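Bear in mind these aren't lab numbers, they're just calculated from the coordinates by the rules spelled out. No experiment lies behind these values; they were computed from the predicted model shown. Here the Cβ positions follow ideal geometry from the backbone for every residue, glycine too, while neighbour counts run over all protein chains shown.
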Amino acid sequence: MLRSTSLVLSVILIAPLASAQIADPSQLEQLAEQQKQAEAQAEELSKKQKEIKKEIKGLRGDLVKATAQSRGYEKAEAEARSKLGALQYEQSQLKDNIEKDRLLSTDLLAALQRIERRPPPALLVSAQNATDAARAAGLIAHLNTTLNAKTDLMKTRLTELDILKSAIEANRSEIQSHADEVANRLRGIKSVISKKSSLNSQLDKDRKKKIEEAEKLASEAETLRELIRSFEERADDVAPRLKPDPGAVLPNPQVKPRKGTPAPVYVPSSGARFADARGSLPLPVFGTLSKKFGARLAGGGRTKGVILKTAKKAQVVAPFPGRVEFSGEFNDDNVVILNVGNGYFIVMTGLGETFASPGDSIAGGEPLGLMPSAKSSKPELFMEFRKDRSSIDPAPWIGTALARAR
């Protein structure tokens with residue numbers, strides 16, 4: 001009896017399991033349809049991500065190209081300003097010479113007037129009077145000749161001054177034209193940056209988190225050194241992600257621009273490793289060297305990088321591809337920390353505004369920001385190269401560019 005009861009219970013327990021294994025055909029169809037929809041959605045999402053990546057890549061190329069063209073106008077403006085300085089110096093020297101000629105001519109004219117008020121003695125009085133008269137006549141002739149020569153020279157210099165004034169006005173007009181062109185192109189560049197940032201947000205769901213993490217580290221750091229170390233300690237090796245795409249080719253800098261258009265200024269394309277770019281990196285901004293690496297500072301200590309004097313609102317670009325670890329305000333300054341892989345970092349401070357966001361992948365030549373525009377400021381960009389958490393001399397990488405900036 002007990003055995004038969006156990007058999008009945010076993011049948012009762014097994015029956016539901018058996019029935020569960022035999023699925024309802026309609027449920028199978030529903031599951032298959034759901035799986036099909038899920039696969040279609042995944043494929044659509046993958047397709048959309050590829051399209052976004054392709055568009056971001058295109059926008060990055062557009063940014064590099066637009067910035068190169070804009071920097072071409074910026075360089076032409078800087079050259080025009082330098083020429084203006086030379087013209088103004090020449091004008092100042094010419095004005096000084098004209099003033100000296102005027103004073104000398106005034107003295108000569110006064111001398112002639114004095115002689116005219118005291119005419120030479122009569123020739124018939126004595127031989128000595130005749131000699132004095134001849135000397136006086138010779139002096140008058142010499143003074144007249146000198147005065148005429150100085151008058152002619154002054155006329156020539158005044159004509160030159162008029163030509164210089166016209167050249168200066170034309171130069172100022174050229175400067176303004178280039179400045180307007182830079183401003184117009186910057187508006188377009190900022191628009192592309194905004195679009196690229198929006199696409200990055202769609203693609204990178206952790207973008208907001210990365211920005212918040214960067215802001216948190218900035219709030220916890222008291223000094224720039226602490227901020228840099230915090231990113232160095234947590235940074236991943238981004239070298240694999242910084243390899244250039246095989247098909248990605250920057251526009252050829254040798255292509256002749258159309259007549260009247262300044263040549264674009266491209267950042268030279270570089271290899272996958274920052275260490276391989278020695279001697280080929282450009283400066284991130286047009287400027288002149290103010291302090292070299294290791295120079296003594298007025299307040300004590302030595303510089304951990306180089307300091308460049310720049311024009312107001314000068315464009316700052318990435319000298320090498322990398323990942324933006326930090327970009328924004330820190331301790332009343334605007335800072336960009338760029339991770340260029342294999343333990344190398346580039347730190348820049350002194351910007352007036354920044355364009356990039358933490359987590360952004362940046363191409364060489366892509367805009368990072370602008371120098372300050374305040375009338376009272378004398379913009380200076382500080383740039384530091386770091387390797388394995390220590391400052392290094394950037395000269396081996398940008399020595400040629402630094403020589404041109406002196």
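Observations on the model:
- Candidate lysines - alpha carbon under 19 Å from K209, same-chain residues fewer than 8 apart omitted: K196
- Extension gain from T146 to Q27, taking 0.36 nm per residue of separation minus the Cα-Cα distance: 31.1 nm
- Straight-distance crosslink candidates among lysines, where the alpha carbon sits under 20 Å from K309 and sequence neighbours closer than 8 are dropped: K75, K83, K291, K292, K375, K378
- Inter-site label distance for S219 and R172 at 7 Å from Cα along Cβ, in nm: 5.0
- Approximating the spin labels as points 7 Å out from Cα along Cα→Cβ, the R234-to-D62 distance works out to 3.3 nm.
- Taking each residue as 0.36 nm, the span from K378 to S390 lengthens on full extension beyond its C-alpha to C-alpha distance by 1.5 nm.
- Where labels lie 7 Å past Cα in the beta-carbon direction, separation of T159 and A263 in nm: 3.7
- FRET efficiency estimate (nearest 0.05) - Cβ-Cβ, K190 to L103, R0 56 angstrom: 0.50
- A86/D180 FRET efficiency (R0 22 Å; Cβ-Cβ; nearest 0.05): 0.45
- Peptide packing for 282-294, 62-74, 215-227, 358-370 was compared via the average number of neighbouring C-beta atoms within 10 Å per residue; ordered from the highest value, the list is 358-370, 62-74, 282-294, 215-227.
- Pairs beyond 27 Å (Cα-Cα), from K313/K387; K48/K210; K216/K304: K313/K387
- Residue list for segment 355-369, given a label point 7 angstrom along the Cα-to-Cβ vector of E212 and an amide N cut-off under 16 Å: 358-359
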